[in-house]
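The values are calculated or read from the model by the stated rules, or taken from the named source; none is laboratory data. Predicted, not measured: the structure shown is a model, and the values here were computed from it. To get the accessible areas, we keep the full protein, side chains included, count just its heavy atoms, and leave off ligands, DNA and RNA. Shrake-Rupley method; radii C 1.70, N 1.55, O 1.52, S 1.80 Å.
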Amino acid sequence: MRKFISLLVALATLCCFTACTTGDTAQKLCYNGNEYWICGAGDTGEGSVLEACGLPNELTADLCGEFIGFLESAGNNAYEVVESETDIPVYNYAPQETENVYIVEIDGIYYAAIRHDGDIYYGIK
């Protein structure tokens with residue numbers, strides 16, 4: 001099943017993956033030794049990635065679980081979770097306990113940070 005999701009997401013990525021805030025390079029979150037790609041909903045073109053990972057196509061505050069920390073730039077379109085306050089909070093995924101998906105709020109818009117390893121995305125399915 002993971003390989004199928006990986007293939008589906010890879011195809012979607014080739015067709016429509018864009019960065020949530022820059023448009024050129026996917027933004028990453030480095031957390032607990034894993035890498036997560038930050039994906040948006042709506043007209044970002046990343047709805048197929050969200051769907052393939054078992055996530056809703058509409059990301060809202062209702063998906064925010066326990067507060068984890070804040071994101072701080074680590075360079076090269078990467079972020080890391082820090083305790084010091086920034087403008088970008090990150091939360092656990094509320095509907096289901098998982099280490100594969102976190103919710104990030106950037107300028108009042110919600111994004112999913114989906115664990116990514118090589119060509120594989122680890123969603124909630």
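In this structure TYR121 has an accessible area near 10 Å², from a 1.4 Å probe over the protein heavy atoms. For GLU35, the residues 5 or more places off, or on other chains, whose built amide H falls under 5 Å of its own are HIS116. In this structure, the amide hydrogen of ALA78, modeled 1.01 Å from its nitrogen in the peptide plane, lies closer than 5 angstrom to those of LYS28, counting only residues at least 5 positions away or on a different chain. Please work out, to two decimal places, the log10 of the ratio I(q)/I(0) at q = 0.13, 0.27 Å⁻¹ from a Debye calculation in which every Cα of the stretch 71-125 carries one identical scatterer. With no solvent term, the Cα-only Debye profile gives -0.35, -1.20.
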